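A.B. asks: One structure, pasted below without further comment.
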Amino acid sequence: MISTAEVKQIAKELGFHACGVSRAERLENQAERLFEWISKGYHGTMSYMERNTDLRLDPTMLVSDVKSVISVLLSYNTGELPVNLNPLKIARYACRTDYHTFMKQRLWRMLEVIRERFGSVSGRAFVDSAPVLEREWAVRAGLGWIGKNSMLINRALGSYVFIGELIVDIEIEQTPHYESNRCGTCSRCMEACPTGAIVSPGVIDARRCISYLTIEKKEPLTTNEAKMLSGWCFGCDVCQEVCPWNARSTRVDGAGQGTSGFHDFSTTQFANMTEVEFTARFGNTPLMRAGYERIAKIIKLSKKREA
């Protein structure tokens with residue numbers, strides 16, 4: 001059996017900031033929670049959450065003969081990005097190359113290195129683009145706990161992290177350490193949420209979440225929804241900004257994350273750019289998820305409210 005230490009070393013060599021391993025099995029403890037969340041309509045218009053629930057709960061349906069789930073974290077707490085283009089605000093994770101791109105590249109390279117060192121291995125890499133409950137797998141791999149804002153929190157890195165998995169068909173020693181929830185009585189994230197989207201510890205009503213409204217919802221925003229944005233034009237970091245674990249978390253070098261597109265960029269430039277300019281500058285960033293027209297409309301709504 002391959003040791004966890006060997007896998008962690010490979011992850012470190014490839015630039016990941018944390019790594020852990022768990023046994024591939026059906027997530028029975030998440031089934032009731034997932035179905036209840038959907039039944040209450042908290043997923044909003046994200047109909048894809050209603051599909052493939054069996055795949056979300058059981059990785060053995062995603063990869064043949066799967067035995068282990070390798071979870072990795074990559075921090076994006078680089079600290080120097082102008083995420084607040086006053087009055088416009090962009091979530092920190094979006095101020096760089098689309099994480100799906102560079103995380104997937106590193107994960108596939110990690111699989112190659114595992115093959116080079118340990119022989120034939122089959123598996124797949126996942127980064128927030130398939131029916132995989134990534135935060136739960138990270139918890140099972142000893143990488144943190146789920147905070148009251150539903151985010152994974154790592155003691156050293158906080159919650160400003162990207163999560164990825166390699167689901168493989170080889171036996172790997174499981175991470176022996178399981179992190180206990182360390183939020184305690186703190187409820188700063190729940191109190192600070194501008195829209196009251198955190199309806200109970202760890203449960204988000206997406207219909208009230210600014211990230212959902214600016215990214216996921218495809219229909220035009222209602223007047224009330226537009227009022228809820230608080231200057232955010234893509235995503236929202238409020239619940240993470242007030243978290244004590246992020247205040248003490250380690251900052252990392254943003255090398256390889258492609259942050260240059262957001263340097264020396266003003267609100268006026270953002271508001272006045274054409275679609276061609278937008279695509280040229282941000283075509284490889286998460287902003288393309290919402291697209292030029294969507295963000296332009298949100299900016300106009302924000303400017304209208306200010307007027």
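The values are calculated or read from the model by the stated rules, or taken from the named source; none is laboratory data. Treat the numbers as computed from the prediction; the structure is a model and nothing was measured. Note: ideal-geometry Cβ built from the backbone for every residue, glycine included; neighbour counts use all protein chains shown.
A.B. asks: When you check ALA130 against the structure, is it at pLDDT below 95 and aliphatic (A, V, I, L, M), yes or no? Walk me through how you get there before you give the answer.
C.D. replies: Values: at pLDDT below 95: yes; aliphatic (A, V, I, L, M): yes.
So ALA130 fits the description; yes.
A.B. asks: Six or more apart or on different chains, Cβ atoms under 8 Å: show the pairs whose first residue is in region 55-77 and at positive phi and in contact (Cβ under 8 Å) with a residue 40 or more places away in the chain and whose second is of a type in the set (S, T, N, Q) and surrounded by fewer than 23 Cβ atoms within 10 Å (Cβ to Cβ).
C.D. replies: Qualifying pairs under 8 Å: ASP65/SER122.
A.B. asks: Return the residue satisfying two criteria in turn: it lies in region 44-62 and is touching a Pro at 6+ places or on another chain (Cβ under 6 Å) and part of a helix (DSSP H, G or I), and of such residues it is farthest from ALA31 (Cα to Cα).
C.D. replies: Filtering region 44-62 down to residues touching a Pro at 6+ places or on another chain (Cβ under 6 Å) leaves 52, 55-56.
Right, trim to part of a helix (DSSP H, G or I) and you get 55-56.
On the way: LEU55: 11, ARG56: 9 Å.
Residue satisfying both the conditions and the ranking: LEU55.
A.B. asks: Can you work out which of the residues in region 212-252 that are touching a Phe, Trp or Tyr at 6+ places or on another chain (Cβ under 8 Å) and of a type in the set (Ser, Thr, Tyr) is farthest from LYS148 (Cα to Cα)?
C.D. replies: THR214
A.B. asks: Go through (1) exposed (fewer than 15 other Cβ atoms within 10 Å of the Cβ); (2) at pLDDT 95 or above; (3) not in a loop (DSSP other than H, G, I, E, B) for GLY41 and report which single condition fails.
C.D. replies: (3)
A.B. asks: Let me ask another. Here are the criteria: (1) at pLDDT below 90; (2) buried (at least 20 other Cβ atoms within 10 Å of the Cβ); (3) not β-branched (Val, Ile, Thr). Tell me which single one PRO82 does not satisfy.
C.D. replies: Evaluating PRO82 over (1) at pLDDT below 90; (2) buried (at least 20 other Cβ atoms within 10 Å of the Cβ); (3) not β-branched (Val, Ile, Thr) leaves (2) as the failure.
A.B. asks: Let me ask another. If I ask for residues that are surrounded by fewer than 18 Cβ atoms within 10 Å (Cβ to Cβ) and under 19 Å from the mean Cα position of the chain (by Cα), which ones from region 56-79 would you list?
C.D. replies: The answer is THR78, GLY79.
A.B. asks: Condition (residue is part of a loop (DSSP other than H, G, I, E, B), of a type in the set (D, E, K, R) and outside the structural domain of GLN240 (by TED's automatic domain parsing)) applied to region 1-24: is it met by at least one residue? Don't jump to the end; show me each part of the working.
C.D. replies: The initial filter retains those residues of region 1-24 that are part of a loop (DSSP other than H, G, I, E, B), namely 1, 3, 14-17, 24.
Of the ones still in play, those that are also of a type in the set (D, E, K, R) are none.
Checked region 1-24: no residue is part of a loop (DSSP other than H, G, I, E, B), of a type in the set (D, E, K, R) and outside the structural domain of GLN240 (by TED's automatic domain parsing).
A.B. asks: When the residues of region 113-130 are filtered to those that are without any contact (Cβ under 8 Å) to a residue 60 or more places away in the chain and among the β-branched types (Val, Ile, Thr), which remaining residue is nearest to LEU57 (Cα to Cα)?
C.D. replies: Filtering first and then ranking leaves VAL127.
A.B. asks: Also: Restricting the first residue to region 131-158 and requiring it to be hydroxyl-bearing (Ser, Thr, Tyr), which pairs with a second residue that is modelled with pLDDT of 95 or more meet a Cβ separation below 6 Å and a spacing of at least six or different chains?
C.D. replies: SER150/GLY202; SER150/ILE204
A.B. asks: Tally the residues that are under 19 Å from GLU293 (Cα atoms), touching a residue at least 60 places away in the same chain (Cβ under 8 Å) and among the acidic types (Asp, Glu), restricting the search to region 219-251.
C.D. replies: 1
Per-residue answers, yes or no, for (1) hydrophobic (A, V, I, L, M, F, W, C); (2) at pLDDT 95 or above; (3) surrounded by fewer than 21 Cβ atoms within 10 Å (Cβ to Cβ):
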| site | (1), (2), (3) |
| --- | --- |
| LEU152 | yes, yes, no |
| GLU165 | no, yes, no |
| ASP169 | no, yes, yes |
| ILE172 | yes, yes, no |
| THR185 | no, yes, yes |
| ARG188 | no, yes, yes |
| ALA192 | yes, yes, yes |
| VAL203 | yes, yes, yes |
| LEU213 | yes, yes, no |
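A.B. asks: Which residues, counting only those in region 16-36, are in contact with a strand residue (DSSP E or B) (Cβ under 7 Å, 6 or more places away or on another chain) and of a type outside the set (A, V, I, L, M)?
C.D. replies: Correct list: PHE16, HIS17, CYS19, GLY20, SER22, ARG23.
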